[in-house]
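A short reminder: the numbers here are calculations on the coordinates, not readings from a lab. Please read these numbers as outputs of a predicted model, since none were measured by experiment. Cβ placement follows ideal geometry from the backbone for every residue including glycine, while neighbour counts extend to all protein chains displayed.
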Amino acid sequence: MAELRYATAAAAATRASSSPSKRDADAASASSPLVASPRVGGGKDGPRPHQRWSLPPPVRSLLALEDPRSPAASTSYRILVAAIACFALAALFSAPSVWSRLNAPYLCRKEGIRLHCPRVSERDSLWENPHAAATSWKPCAERRSDEISDLVPENEASGFIFIHAEGGLNQQRIAICNAVAIAKIMNATLILPVLKQDQIWKDQTKFEDIFDVDHFIKYLKDDVRIVRDIPDWFTEKDELFTSIKRTVKNIPKYASAQFYIDNVLPRIREKKIMSIKPFVDRLGYDNVPMEINRLRCRVNYHALKFLPHIEEMADKLATRMRNRTVNLNPYMALHLRFEKGMVGLSFCDFAGTREEKAMMATYRQQQWPRRYKNGSHLWPLALEKRKEGRCPLEPGEIGVILRAMGYTKETQIYVASGQVYGGNTRMAPLRNMFPNLVSKEDLASKEEMEPFKKHVTSLAALDFLVCLKSDVFVMTHGGNFAKLIIGYRRYMGRHRLKSIKPDKGLMSKFFGDPYMPWATFVENVMITHQTRTGLPEPTFPHYDLWENPLTPCMCRA
């Protein structure tokens with residue numbers, strides 16, 4: 001009986017489906033997106049071949065399946081349209097950012113102090129930057145040919161400013177760039193800066209002994225008015241050096257452009273001529289207009305040129321570095337910051353004899369009595385500074401790092417350094433690893449070097465230019481010299497060649513592990529420094545433009 005009932009039901013279903021009206025309805029249902037496919041194994045209720053999907057009223061309205069004028073559909077329709085409009089606006093605002101990321105001329109990104117670049121197919125080279133293909137930047141701080149000068153007429157200038165550029169050559173260079181910038185901010189006339197005698201260098205060099213004054217004034221003529229000397233109508237010239245009434249003091253470090261407008265400009269307008277001192281790092285980077293930062297780059301990279309005889313001698317030294325062997329070889333420039341003053345000022349602990357450590361303690365007590373106190377706090381302070389990477393690398397330490405990077409003992413190295421603390425004994429490990437280690441005194445004769453010994457800063461200028469022209473530049477500690485070299489190489493496109501900035505914090509950790517195998521050390525050094533090779537980096541707050549001029553001074557190639 002059961003079989004009979006089943007057969008009867010099936011026949012009835014067949015007859016029903018064979019009717020024309022039923023077939024048309026089934027065809028319409030099959031073509032409609034609102035009808036579900038037959039469920040297989042429909043649970044305890046059996047198959048449900050024609051279950052309908054429940055779509056929201058606005059969607060049904062958009063598909064013309066429901067009248068949008070109905071109350072339920074109308075409200076939902078408006079909500080859907082509003083949501084789509086919000087999504088479209090969000091996409092519109094985010095499109096430029098997404099597009100710029102996809103087409104960024106610089107594909108690397110920065111997290112903290114680390115730079116992450118895309119991997120490249122080329123094998124890492126000892127002399128070329130493996131990630132240089134990830135950049136397409138060019139220098140653009142120069143004044144454009146169609147750029148109209150906004151220099152105010154001479155009779156509308158606010159007055160004259162006069163500064164002392166203090167410190168060594170590179171500190172003075174930064175001070176000169178800042179002086180031009182603040183003259184522009186205040187619409188003042190700049191008197192050619194005086195290079196103040198440094199207590200350490202004891203040098204009497206004048207501006208015109210190092211830099212090409214005519215080029216400096218002519219190049220900036222559309223930006224800032226610069227005069228060679230104090231105006232003749234100002235008879236009391238000594239007041240600019242001695243009188244407090246003629247001096248603006250207490251300018252905070254990294255002051256903003258607005259600070260100069262509010263506090264310095266009124267005094268210049270009143271007195272007509274003012275001296276500003278001290279003038280070291282007295283202008284910030286993030287709190288000045290972008291155009292002022294671009295002007296500082298214009299001064300640094302284009303207006304400040306060394307005298308021709310300094311440039312010519314530097315070219316000779318660089319050529320001799322490459323021609324020291326039969327073949328034309330690349331060379332490395334090493335800025336070795338390990339002079340007695342730097343070692344003492346760092347307050348770090350270095351390997352040495354008891355006598356050497358006692359002499360250094362006495363030297364520190366004499367030079368920096370307030371910081372030295374009784375000396376009891378120096379040992380834990382030295383350990384902390386080394387862990388944080390604030391201690392200069394010893395000659396032997398930088399030698400081990402360079403060997404781990406793959407540089408062989410045949411590498412030609414130019415050393416830019418003062419008198420190394422510890423002399424030949426301290427330099428012995430580095431010389432054993434790299435015997436082809438020379439300085440400018442080794443490359444030039446006494447007769448050639450004699451004219452440059454009159455001014456210590458001219459010797460520093462030679463080191464600056466030879467390092468700038470090198471195939472690889474390596475620094476062992478911070479400072480204005482290394483900062484300006486790396487920035488200059490980035491700006492002028494020499495970032496395609498390496499500028500290695502060792503991670504001193506991680507290196508101290510590796511050096512402090514006596515059980516680390518050489519192969520592991522090599523791998524750690526390579527991984528740590530694969531992105532510390534001098535590529536232009538996106539700037540972040542408080543990152544000065546001397547080391548990284550990308551944002552204000554460079555543009556897409």
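Using a simple spin-label model with pseudo-atoms 7 Å out from Cα toward Cβ, GLU154 and LYS340 lie 5.1 nm apart. Multiplying the residue separation of LYS454 and SER125 by 0.36 nm and removing their Cα-Cα distance gives an extension gain of 114.4 nm. Length gained on full extension, LYS272 to ASP229, computed as 0.36 nm times the residue gap minus the Cα-Cα distance: 14.0 nm. Electrostatic tally near CYS348: other residues with Cβ closer than 9 Å to its Cβ, Lys and Arg +1, Asp and Glu -1, net +2. Between the amide H of VAL194 and those of ILE163, ALA165, distances stay under 5 Å, these residues lying 5 or more places away or on another chain, with hydrogens modeled in the peptide plane.
Cross-link reach is defined here as a Cα-Cα straight distance under 16 Å, omitting same-chain residues fewer than 8 places apart; for LYS357 the aspartates and glutamates meeting it are GLU339, ASP349, GLU394. A Förster radius of 41 Å, combined with the Cβ-Cβ distance separating GLN367 from GLU291, puts the computed FRET efficiency at roughly 0.50. Straightening the chain between SER243 and ARG324 buys 23.7 nm, computed as 0.36 nm per residue apart minus the Cα-Cα spacing. 3J(HN,Hα) couplings calculated from phi for the stretch 212-219 with the Karplus curve 6.51 cos²θ - 1.76 cosθ + 1.60 (θ = phi - 60°) are, in sequence order, 7, 5, 4, 5, 4, 5, 5, 5 Hz; Gly and Pro show x. In terms of Cα to Cα distance under 16 Å, which lysines are near enough to LYS446, apart from those fewer than 8 places away along the same chain? Of all the lysines, those that pass the test against LYS446 - Cα under 16 Å, at least 8 places apart if same chain - are LYS316, LYS454. Over 22 Å between Cα atoms, which of LYS277/LYS340; LYS249/LYS271; LYS277/LYS385; LYS196/LYS221; LYS440/LYS509 qualify? From LYS277/LYS340; LYS249/LYS271; LYS277/LYS385; LYS196/LYS221; LYS440/LYS509, over 22 Å: LYS277/LYS340; LYS277/LYS385; LYS196/LYS221; LYS440/LYS509.
Packing-wise, with mean Cβ within 10 Å as the measure, how do 254-265, 475-486 rank, highest first? Please report the intermediate quantities before stating the final value.
On the way: 254-265: 16.9, 475-486: 21.4.
The densest-packed peptide leads the list: 475-486, 254-265.
Once a ≥ b ≥ c are taken as the square roots of the eigenvalues of the Cα gyration tensor of the stretch 307-556, is the result rounded (a/c under 1.5), prolate (a/b larger than b/c) or oblate (a/b not larger than b/c)? It comes out rounded by the Cα gyration axes.
Please give the FRET efficiency for MET526 paired with GLU410, using the beta carbon to beta carbon distance and R0 = 25 Å, rounded to the nearest 0.05. Don't skip to the end; give the middle numbers.
Numbers: r = 20 Å, r/R0 = 0.80.
Approximately 0.80, to the nearest 0.05.
Close amide H partners of THR476, meaning residues 5 or more places away or on another chain with modelled amide H under 5 Å apart, are HIS335, ARG337.
Sort the stretch 154-303 into rounded, prolate or oblate with this rule: let a ≥ b ≥ c be the square roots of the eigenvalues of the Cα gyration tensor; rounded if a/c is under 1.5, and if a/c is not under 1.5, prolate when a/b is larger than b/c, oblate otherwise.
Values: a/c = 1.18, a/b = 1.03, b/c = 1.14.
Rounded is the answer for the stretch 154-303, as its axis ratio a/c remains below 1.5.
Working from label points 7 Å from Cα in the Cα-to-Cβ sense, the GLU311 to HIS215 distance is 0.3 nm. Taking amide H as placed 1.01 Å from N in the peptide plane, the amide H of LEU497 sits under 5 Å from that of ASN129, each at least 5 places away or on another chain. Computed from phi, the 3J(HN,Hα) profile of the stretch 282-294 under the Karplus parametrisation 6.51, -1.76, 1.60 (θ = phi - 60°) reads 9, 9, x, 10, 8, 10, 10, x, 4, 5, 5, 5, 5 Hz, with x in place of Gly and Pro.
Decide, for the stretch 415-530, between rounded, prolate and oblate: order the square roots of the alpha carbon gyration tensor eigenvalues as a ≥ b ≥ c, take rounded if a/c falls under 1.5, and otherwise choose prolate if a/b is larger than b/c, else oblate. Kindly include the intermediate steps, with their values, before the conclusion.
Numbers: a/c = 2.39, a/b = 1.50, b/c = 1.59.
Judged from the Cα gyration tensor, the stretch 415-530 comes out oblate (a/c at least 1.5, b/c at or above a/b).
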